[in-house]
1. List the aspartates and glutamates whose Cα lies under 14 Å from the Cα of K364, skipping any in the same chain that are fewer than 8 positions away.
2. How far is it, in nm, from the label point at R111 to the one at D3 when both lie 7 Å from their Cα along the line to the Cβ?
3. Considering only Y112, C255, T205, whose Cα is most displaced toward the positive end of the charge dipole of the chain, charges sitting on Cβ of Lys, Arg (+1) and Asp, Glu (-1)?
4. Quick one: if you stick a label point 7 Å off each Cα along the C-beta vector at A398 and E16, how many nm between them?
5. Only Cα pairs under 8 Å and at least 6 apart count here; give the relative contact order of the stretch 320-413 as a rounded whole percent.
6. Largest first and to the nearest Å, give the Cα extent of the chain along each principal axis.
7. Translational diffusion coefficient, Stokes-Einstein: compute it for the stretch 320-413 using the Kirkwood radius over C-alpha pairs as Rh, at 25 °C and 0.890 mPa s, and state it as an integer in µm² s⁻¹.
8. Simple spin-label model, 7 Å along Cα-to-Cβ: Q345 to N362 in nm?
Amino acid sequence: MNDILPEQTPVWQFLESAVKSVLAGYGYSEIRMPIVEQTDLFKRSIGEVTDIVEKEMYTFDDRNGESLTLRPEGTASCVRAGEEHGLLFNQAQRLWYQGPMFRYEKPQKGRYRQFHQIGVETFGMASADIDAEVIMLSARLWKKLGILDAVTLQLNSLGSNEARAEYKDALVAYLSERKDQLDEDSQRRLQSNPLRILDSKDPQTQMLLNDAPVLSEYLDQESKDHFAELCAMLDQAGIRYELNPRLVRGLDYYCKTVFEWVTDKLGAQGTVCAGGRYDGLVKQLGGRPTPAVGFAMGIERLILMLETLEVVPEAVKQPFDLYLAAEHKGLQKQLIVLADKLRDQLPEMRIRVHCSGLKNINNKARQSGAPWVMLVREENDSLMANLWYNTEPQFDIAEEQIADVLHQQWLQKT
Ligand code: ATP
Ligand code: MG
């Protein structure tokens with residue numbers, strides 16, 4: 001679980017504000033859920049036989065002896081909240097959320113125990129246009145962030161429950177004959193959750209799967225049509241994708257569309273965004289049948305990408321625009337007041353006032369990292385400001401003109 005330090009938060013804010021503006025452009029509404037839920041909610045939604053529920057949840061008893069879990073993902077909480085507040089049945093909802101998720105995993109690059117997701121969930125829309133919309137929305141975000149060329153969309157259809165059941169039988173028959181070649185987890189899953197074997201990261205199991213039956217050959221007609229419509233819309237929108245017949249998701253509740261945005265820039269942890277359709281989940285959690293599509297993106301992995309590809313504008317990393325300092329100590333009180341007047345007149349400008357020792361103040365100010373520096377001194381009983389821009393001296397400004405000149409200069413240079 002990581003601290004996110006002051007030098008890193010500007011990049012986080014840059015990413016978060018890009019996501020917010022894209023989501024606003026599609027008319028999505030934010031929902032905020034608590035970070036703990038009853039353990040049972042995750043068991044029933046994610047599935048008992050999944051990595052998350054089997055070995056990754058932070059679960060504890062509260063003082064009443066009730067089992068609670070730090071949320072490992074947001075979809076279950078979102079469905080729970082939607083049901084509880086009557087947002088789902090017979091309605092069309094487009095929701096998003098952000099926040100920390102918790103999974104007890106082996107920490108490594110791109111994989112942490114507290115990590116952050118921004119998630120999107122839509123409810124009440126059954127046809128493929130909403131699948132297309134959420135994918136288009138994510139593509140627009142990559143474009144806005146300048147990373148579209150570094151990610152690839154992988155797409156698959158999991159079909160209906162019945163089609164998947166038929167496929168499951170075929171897969172189990174094929175793998176049972178080769179059981180001794182499977183990794184330990186997969187051997188166990190052969191009984192309990194064979195589809196998850198497709199997701200195994202064990203190289204030998206992966207090899208075996210190369211010749212295994214593929215799900216796409218077992219799809220029902222409705223799922224095939226739905227998938228064809230989605231592909232046609234993505235083609236029209238100019239969004240490239242790869243069909244990946246082995247793509248399944250690590251959670252049980254998906255059906256029909258599944259997708260992942262993957263990158264080769266981050267090593268092993270290559271999935272930056274993953275999602276799909278989960279028409280059965282609302283009913284499974286006790287609601288009335290409600291179609292749903294969503295995805296979640298991993299913020300840490302996206303941040304790593306932004307940094308690796310060096311796409312964050314330099315200006316974003318500067319925490320303030322103007323460094324304001326006095327040349328001698330007696331002026332400190334006036335300086336604080338002057339700074340606040342400047343904030344009235346230039347509300348956009350981010351001003352940091354120097355408040356400690358004045359030794360070497362000229363150098364300190366210029367090394368502050370701010371593009372603008374203003375050093376204030378006293379001359380003939382009034383203030384005089386010396387303005388610098390990127391370590392180049394600009395003007396000496398008399399007190400009554402400080403705000404105006406600064407404003408003009410600021411407009412010119414930004
Ligand atoms: P993986 O196969 O990498 O374990 P997952 O299938 O468990 O991923 P999801 O539950 O689909 O992941 O979560 C969506 C996204 O959240 C992932 O694609 C990834 O970007 C991010 N994510 C998941 N687990 C972690 C983690 N432990 N640390 C950082 N990011 C994570
Ligand atoms: Mg995982």
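1. E327
2. 2.6
3. Y112
4. Inter-label distance under the simple model: 4.6 nm.
5. Numbers: 142 pairs, mean separation 26.6, N = 94.
In percent, rounded to a whole number, it is 28.
6. So the extents along the principal axes, rounded to whole Å, are 94, 54, 45.
7. Values: Rh = 13.0 Å.
Calculated translational D: 188 µm²/s.
8. 2.6
Bear in mind that the values in this text are calculations on the coordinates, not laboratory data. The shown structure was predicted, so the numbers you read here are calculated from the model rather than taken from an experiment. Cβ: placed from backbone, ideal geometry, glycine included. Neighbour counts: every protein chain shown.
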